[in-house]
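The values are calculated or read from the model by the stated rules, or taken from the named source; none is laboratory data. Quick caveat: nothing in here was measured; it's all calculated off a predicted structure. Glycine gets a Cβ as well: all are built from the backbone with ideal geometry, and neighbour counts include every protein chain shown.
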Amino acid sequence: MHKYKLISVLGGPASGKGTLCSKLTNNFKSIVHISAGDVIRSQKNLAPEFIDMMKNGSILPAQFVGNLIIQYIKENYDTDKIILLDGFPRDQANYDYFCTEMSKYFDLICILVIESSNCTMIERTMSRGKLSGRADDTVETCLKRIESYYNETNKIIDLFDSVLIKRVSGEIEHENKTYDEVVKHLNLSNE
Ligand code: C5P
Ligand code: MG
């Protein structure tokens, strides 16, 4: 079976993942952006315990989220697309699921790690919260999500082959430089 090329985009809350992904999808027609969080939020009948977990910044069961992502991608895109998957894998259980199940459908070509300071992540979460109405865009939950990023996500990033990992700045003043760096690193073209 032909597999999708996959770029996993990881970083703390409001670290700049979405901004970079939108810019890439706007400029390269072969790329699509899937946000794990958005796929979960788009579920109409999400179990109340999962809604509570999201409100608290906790990570949902890997099989549930992983299945949703696989299903969503298979239903909407052909394998000629490069998938920018933002927010997965995020912890050890995600990582295990990623290696055993998702690898059947995806060839991981890169892990983009977006690095922003805690200050930037908190400030951006606060300003996003005013518009997003997301229950987890509060200072309290943002701090928990930052902690979970350092404690859970950082650990699993180190489990991947280091040649796959590309770390870039998510700070707003580096936005253009980061974009250029990523395009060059991924060797993207519109041909
Ligand atoms: O990536 P984003 O900030 O949109 O994720 C929002 C929330 O979605 C996370 O805080 C978590 O509750 C849930 N999520 C998850 N597993 C993932 C990605 C997101 O449970 N792999
Ligand atoms: Mg997001």
Filtering the stretch 1-36 down to residues that are surrounded by 19 or more Cβ atoms within 10 Å (Cβ to Cβ) and among the small types (Gly, Ala, Ser) yields 8, 11, 12, 14, 15, 16, 18, 35, 36
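Here's the yes/no breakdown for (1) in contact with a Lys or Arg (Cβ under 6 Å, 6 or more places away or on another chain); (2) more than 30 Å from residue 175 (Cα to Cα); (3) hydrophobic (A, V, I, L, M, F, W, C):
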residue	(1), (2), (3)
44	no, yes, no
56	no, no, no
60	no, yes, yes
89	no, no, no
96	no, yes, no
99	no, yes, yes
102	no, yes, yes
113	yes, no, yes
123	no, no, no
Restricting attention to the stretch 45-55, does a residue exist that is touching a residue at least 12 places away in the same chain (Cβ under 8 Å) and outside any helix (DSSP H, G or I)? no
In the set 140, 147, 152, the lone residue that is in a helix (DSSP H, G or I), touching an Asp or Glu at 6+ places or on another chain (Cβ under 7 Å), more than 16 Å from ligand 2 (Cβ to nearest atom) and of a type in the set (Asp, Glu) is 152
If we keep only residues of the stretch 1-13 that are over 10 Å from residue 114 (Cβ atoms) and in contact with a helix residue (DSSP H, G or I) (Cβ under 9 Å, 6 or more places away or on another chain), then the residue farthest from ligand 2 (Cβ to nearest atom) is 1
In the stretch 122-137, residues that are assigned to a helix (DSSP H, G or I) and in contact with a helix residue (DSSP H, G or I) (Cβ under 6 Å, 6 or more places away or on another chain) total 2
query: Does residue 80 count as under 21 Å from residue 21 (Cα atoms), within 16 Å of ligand 2 (Cβ to nearest atom) and of a type outside the set (Phe, Trp, Tyr)?
result: no
Regarding the stretch 86-94, can at least one residue be identified that is assigned to a helix (DSSP H, G or I), within 15 Å of ligand 1 (Cβ to nearest atom), aliphatic (A, V, I, L, M) and more than 18 Å from the chain's Cα centre (by Cα)? no
Filter the stretch 54-74 for residues that are surrounded by fewer than 21 Cβ atoms within 10 Å (Cβ to Cβ) and within 19 Å of residue 25 (Cα to Cα); the one that is nearest to the chain's Cα centre (by Cα) is 72
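Does residue 44 satisfy the condition of being surrounded by fewer than 17 Cβ atoms within 10 Å (Cβ to Cβ) and among the basic types (Lys, Arg)?
yes
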Is at least one residue of the stretch 63-76 of a type in the set (Val, Ile, Thr), assigned to a helix (DSSP H, G or I) and away from ligand 2 (no atom under 14 Å from the Cβ)?
-> yes
Flagged in the stretch 134-186 as modelled with pLDDT under 95 and under 21 Å from residue 21 (Cβ atoms), in numbering order, are 134, 136, 137, 172
Of the conditions (1) among the β-branched types (Val, Ile, Thr); (2) more than 15 Å from residue 153 (Cα to Cα); (3) within 9 Å of ligand 1 (Cβ to nearest atom), the single one that residue 34 does not satisfy is (3)
